[in-house]
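One structure is given here, and the rest of the page talks about it.
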Amino acid sequence: MAVAPKTKQLLLQPFNGIVQRKNILAVVAAAASDNVVFGDTSGFYDGSDGLHPFGYNHVSQIGPQVAALAYPLLL
């Protein structure tokens with residue numbers, strides 16, 4: 001943050017749910033900056049096919065949702 005103080009950071013919750021959510025929220029809180037934002041990905045990908053997200057089918061499902069989280073940071 002000291003090198004580029006206006007840089008915005010989007011810290012995403014892993015797609016497998018709440019794993020690490022608490023730790024990521026703690027990092028966001030510790031940053032105490034409007035430029036560090038938590039990205040809640042709940043429901044973006046449920047893993048019901050037993051696979052880690054990959055390929056065009058998962059990108060087409062997850063991509064637009066991640067873009068919607070990131071877009072406000074670009075304004």
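Matching residues to (1) touching a residue at least 40 places away in the same chain (Cβ under 8 Å); (2) of a type outside the set (Ser, Thr, Tyr); (3) exposed (fewer than 14 other Cβ atoms within 10 Å of the Cβ):
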| site | (1), (2), (3) |
| --- | --- |
| 2 | no, yes, yes |
| 7 | no, no, yes |
| 15 | yes, yes, no |
| 19 | no, yes, yes |
| 23 | no, yes, yes |
| 26 | no, yes, yes |
| 34 | no, yes, yes |
| 39 | no, yes, no |
| 42 | no, no, yes |
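Restricting attention to the stretch 1-22, report how many residues are in contact with a Pro (Cβ under 8 Å, 6 or more places away or on another chain) and within 20 Å of residue 58 (Cα to Cα).
The qualifying residues number 1.
Is it the case, given these coordinates, that residue 53 is in a helix (DSSP H, G or I) and more than 25 Å from residue 3 (Cβ to Cβ)? Steps first, answer last, please.
Values: in a helix (DSSP H, G or I): no; more than 25 Å from residue 3 (Cβ to Cβ): yes.
So residue 53 fails the test.
Out of everything in the stretch 13-43 that is part of a loop (DSSP other than H, G, I, E, B) and among the aliphatic types (A, V, I, L, M), what residue ends up being modelled with the lowest pLDDT?
18
Got a number for residues in the stretch 44-75 being loosely packed, with under 14 Cβ neighbours inside 10 Å and modelled with pLDDT under 90?
Total satisfying the criteria: 15.
The values are calculated or read from the model by the stated rules, or taken from the named source; none is laboratory data. Predicted model, so just to flag it, every value in this text is computed and none were measured. Every residue, glycine as well, gets a Cβ built from its backbone with ideal geometry; the counts of neighbours run over all protein chains shown.
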